[in-house]
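We did not get these values from a lab; they are worked out from the coordinates using the rules stated. Since this is a predicted model, take the numbers as computed values, not measurements. Every residue, glycine as well, gets a Cβ built from its backbone with ideal geometry; the counts of neighbours run over all protein chains shown.
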Protein chains: 2
Amino acid sequence: MFHNEGFRLLDRQECLRLLAKVPVGRVVYTRQALPAVLPVNFFLDTGSSVLLRTSAGSGLVRAIDGVVVAFEADDFDAATRSGWSVVVTGRATGVTDPAEYERLSRVGPRSWAIRRGEAFVRIESEMVTGRKITGTRGTD
Amino acid sequence: MFHNEGFRLLDRQECLRLLAKVPVGRVVYTRQALPAVLPVNFFLDTGSSVLLRTSAGSGLVRAIDGVVVAFEADDFDAATRSGWSVVVTGRATGVTDPAEYERLSRVGPRSWAIRRGEAFVRIESEMVTGRKITGTRGTD
């Protein structure tokens, strides 16, 4: 799907508004020369950059710090065969500034799985694309 | 999340069982030297390979034919802060054999958005990994 008459493209503002509605997205990068994808909790900071909440002890921060990554979030409804998908592509940067870390620790929802040693990675929203699926219910 | 004490790894059989439950996943590849990710309808064929249903007119088949890609599907529940994620990594191959195309057209659910010119891409499940998030409700 998502390549044909059944969808419409979303503008940047629509994309950011939808992104703010969901707690989990997927970061896309390269690991050991293979494509890799990992679900991660996130929130939007200062309106448009994506802040990932991950574990300081995982390899994710090291794998993507300084690298251009894609980040995808979506929400689909199987009953109506409709939904949306947004992709942010931009450079990822691990947050190292203590004041910034402190501020981010106080905003946004908490991670679902991390119990200690949280880390933040910022993805600049250099390119934001999205599409809405209008559904084809009744065709089969 | 998904990097710490709050999850457990799934074995291949559990992963395939969960994959069969959802109609949409996300294919991860490289487009113009950038990481790319696209939601797509899929189903499992002959037990373990992933069959993407996409549009013959899109660039996806051309972009991933013969290439190792990742494919991710998941299901999360924000209320219980739990869910699962499965990633299949393997070579993608566009289906060109007419008999095979005919067979695949008759199995699995239809695409949500494609109204004509369907194409199939098979991803061999060479590497299958998954994790289940047990949730951390009550920590915030």
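General remarks:
- The protein assembly as shown: calculated mean residue ellipticity at 222 nm from DSSP helix runs of at least 4, using -39500 (n - 2.57): -4000 deg cm²/dmol
- Straight Cα distances below 27 angstrom link B:Lys132 to the lysines A:Lys21, B:Lys21, with same-chain residues fewer than 8 positions distant left out.
- Inter-copy separations for B:Ser105, label at 7 Å along Cα-Cβ, nm, ascending: 6.0
- For peptide A:29-37, the mean count of partner chain Cβ atoms within 10 Å of a residue's Cβ comes to 6.
- For the peptide A:11-22, the mean number of other protein chain Cβ atoms found within 10 angstrom of a residue's Cβ is 0.
- With label points defined 7 Å past Cα in the direction of Cβ, position B:Ala33 shows copy-to-copy spacings of 1.9 nm, given to one decimal and shortest first.
- Mean Cβ neighbour count within 10 Å, used as a protection proxy, ranking B:34-43, A:22-31 highest first: B:34-43, A:22-31
- Debye log10 I(q)/I(0) for the protein assembly as shown, one point scatterer per Cα, at q = 0.11, 0.12, 0.16 Å⁻¹: -0.60, -0.72, -1.30
- Here r is the Cβ-Cβ distance between A:Ser105 and B:Ala99 and R0 is 51 Å; the resulting FRET efficiency, rounded to 0.05, is 0.30.
- Shown for B:Val22: label points 7 Å from Cα along the beta-carbon vector, and their distances to the equivalent points in the other copies, 0.9 nm in ascending order.
- Residues B:Asp77, A:Asp65, arranged from fewest to most other Cβ atoms within 10 angstrom of their Cβ, appear as B:Asp77, A:Asp65.
- Counting all C-alpha pairs of region B:7-133, share separated by more than 18 Å (%): 51
- Two-site label geometry, A:Val67 and B:Ala20: point separation in nm, points 7 Å out along Cα→Cβ: 3.4
- Cβ nearest the rotation axis (A onto B), residue from chain A and distance to the nearest whole Å: A:Val28, 3
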